[in-house]
Amino acid sequence: MNSTTLKAALVAVFAGFFMMGCEDNHAEDAGERIDEAVTDVQNSVEDACENVKEGVNAEETNC
């Protein structure tokens, strides 16, 4: 796993823990938000990677 993905995942996990602490016994909702945040971060990192590869005219543009 590259460092950007790892950093993004850590931010999402800490944000999720923060959200859980602010909610009153809504662990399932917080878990779903964490899952969505991690998915969004992963998609953003993949999109950025693909954009960079397209920018340098790489043969394989999928990350």
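The values are calculated or read from the model by the stated rules, or taken from the named source; none is laboratory data. Only a predicted model underlies this, so the values are computations on that prediction, with no experimental measurement involved. A quick note on method: Cβ atoms are made from the backbone with ideal geometry, for glycine too, and the neighbour counts reach across all protein chains shown.
Some observations on this one:
- Looking only at segment 27-50, and only at residues there that are among the polar types (S, T, N, Q) and within 12 Å of Cys63 (Cβ to Cβ), the one that is surrounded by the fewest Cβ atoms within 10 Å (Cβ to Cβ): Asn43
- Filter result for Met1 (of a type outside the set (D, E, K, R), at pLDDT below 75, part of a helix (DSSP H, G or I) and more than 12 Å from the chain's Cα centre (by Cα)): no
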